[in-house]
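Report on the following structure.
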Amino acid sequence: MGSSRILNTYIQQLIETSTPEAPAWNIEKIRAGKPNTWNYIDGCMIKALIELNEITGKDVYLDFADRFIDYFVDDDGMIASYDPLEYNLDNINAGKTLYGLYNITGKTKYRKAMDVIYGQLEGQPRTKEGNFWHKLIYPNQVWLDGLYMAQPFYVQYELSYRDGRACSDSFHQFQVVHDLMRNERNGLYYHAYDSSRKDFWCDPVTGLSSNFWLRAEGWFAMALIDTWELLPANMSAEKDTMRRMFSELVDAMLPYQDEKTGMWHQVINLGRIAPNYLETSGSAIFANAIMKGARLGVLDERYWDYGYKAYKGICDTCMNEEGGRLTLDNICLVAGLGNTEHREGTFDYYMREPKVRNDAKGVAPLVLAYIEVLRHERGKR
């Protein structure tokens, strides 16, 4: 069975066993035994299904996505279980699904919900450099994850409904991350930055965390390419800068790509240290980002092969069958800095976080990488 057929079967299995109340891919909620809420994990998966509908024309994906998001959004655009005053950038991510669904279905509730989510960004606290705080509970902190969660939604809203007035603000936030969070020696980005330099996990001089976590690096790469794609032609200078940021990051990642599988390690630059492991979600994110970058011309077309190698390696080594059902393995469940669990950001910390299967943080980017493979096969830009 080829990888395309396997993935089609796997996606269908997940849809058949998922509802908005209990999605099979949200392993965090399942483990916690909590009811489902508006969250970024589901946002990743539903966005991938919407894009899969666009490339395949199969209404089963769109119908599921519409029913899923419709469940949370009432007629006034209010979103069940979503509190904008938490100022949590993760909660912005699911809002990306609203653009596609509104354009296709014309449901006014989706347009109103965009305004609700944008209202959070209008009040989002910022660091002294002008970047959004990652969450209210993490004051003065910028995490790479947050760029992916918020910036593409922010730019798309600005271009759709505000004449792009704050697109330069989004670009500024990327520039700050490049200037403050990038290691000039290896070209990689640290997971997080504390502008106040007060939290226990950060360097008291630089404010930076101490390691290069694969999935965070991947979220930032996707943030760059997704936002670059949205920026208008009249921001050519900013697009050139973001092109350079993206291509430099990809070039920085390639020396660490596993020769056999094409994947990357959980802590990127320490692959030879046990018990580091080849991690699925971050590898899938980079597979998608690199192939998309090559398709859009941000990278030379020869880079597509690096992304495809990662995609193929994941399909060959991490897709398995158990009890007659397909599984996607070796997905880091979660990682962050601080909070009551005292997450210190050391190498040992990233090794402590559990590995799971079938979580959308791995499944969704693999679906997006699959879409890039389909586009390549069909010659679509």
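The values are calculated or read from the model by the stated rules, or taken from the named source; none is laboratory data. Being a predicted model, the structure only gives us computed values, none of them experimental. A quick note on method: Cβ atoms are made from the backbone with ideal geometry, for glycine too, and the neighbour counts reach across all protein chains shown. Surface areas here come from the heavy atoms of the whole protein model, side chains and all, with no ligands, DNA or RNA. Shrake-Rupley method; radii C 1.70, N 1.55, O 1.52, S 1.80 Å.
Structural remarks
- Gain on full extension, evaluated as 0.36 nm per residue between residue 60 and residue 13 minus their Cα-Cα distance, stands at 15.7 nm.
- Averaging the sequence gap over all C-alpha pairs within less than 8 Å and six or more residues apart, then dividing by the number of residues, gives the range 3-380 a relative contact order of 15 percent.
- In terms of Cα atoms, the Rg and Dmax of the range 244-381 work out to 15.5, 49 Å.
- Cα-based equivalent ellipsoid, the range 3-380: semi-axes from gyration tensor eigenvalues, Å: 27, 26, 22
- Equivalent ellipsoid dimensions for the range 211-265 as semi-axes, Å, which come from the Cα gyration tensor, largest first: 26, 11, 9
- Per-residue ellipticity at 222 nm computed for the chain from its helices equals -17000 deg cm²/dmol, with DSSP H segments shorter than 4 residues left out and the rest contributing -39,500 (n - 2.57).
- Interatomic Cα distance distribution for the range 176-259, bins of 10 angstrom, percent: 16, 44, 29, 9, 0
- Computed from the alpha carbon positions, the gyration tensor of the range 1-58 leads to an equivalent ellipsoid with semi-axes of 23, 14, 9 Å, biggest first.
- For the range 87-116 versus the range 296-319, the gap between their alpha-carbon centres in whole angstrom: 30
- Per-residue accessible area (protein heavy atoms, 1.4 Å probe) orders 10, 256 as 256, 10, starting from the largest.
- Of 134, 172, the order by accessible heavy-atom surface (1.4 Å probe, DNA, RNA and ligands excluded), from most exposed downward, is 172, 134.
- For the range 124-210: relative contact order, % (alpha-carbon pairs under 8 angstrom, 6 or more apart): 24
- Per-q log10 I(q)/I(0), the range 1-131, q = 0.12 Å⁻¹ (Debye; single scatterer per alpha-carbon; no solvent): -0.50
- Taking packing as the residue-averaged number of other Cβ atoms within 10 angstrom, the listed peptides 118-125, 21-28 run from highest to lowest as 21-28, 118-125.
- Carbon/sulfur fraction of accessible area - the range 155-260, other protein chains in place, 1.4 Å, %: 45
- In this structure, the amide hydrogen of residue 208, modeled 1.01 Å from its nitrogen in the peptide plane, lies closer than 5 angstrom to those of 194, 203, counting only residues at least 5 positions away or on a different chain.
- Computed with a 1.4 Å probe over protein heavy atoms only, the accessible area of residue 3 comes to about 30 Å².
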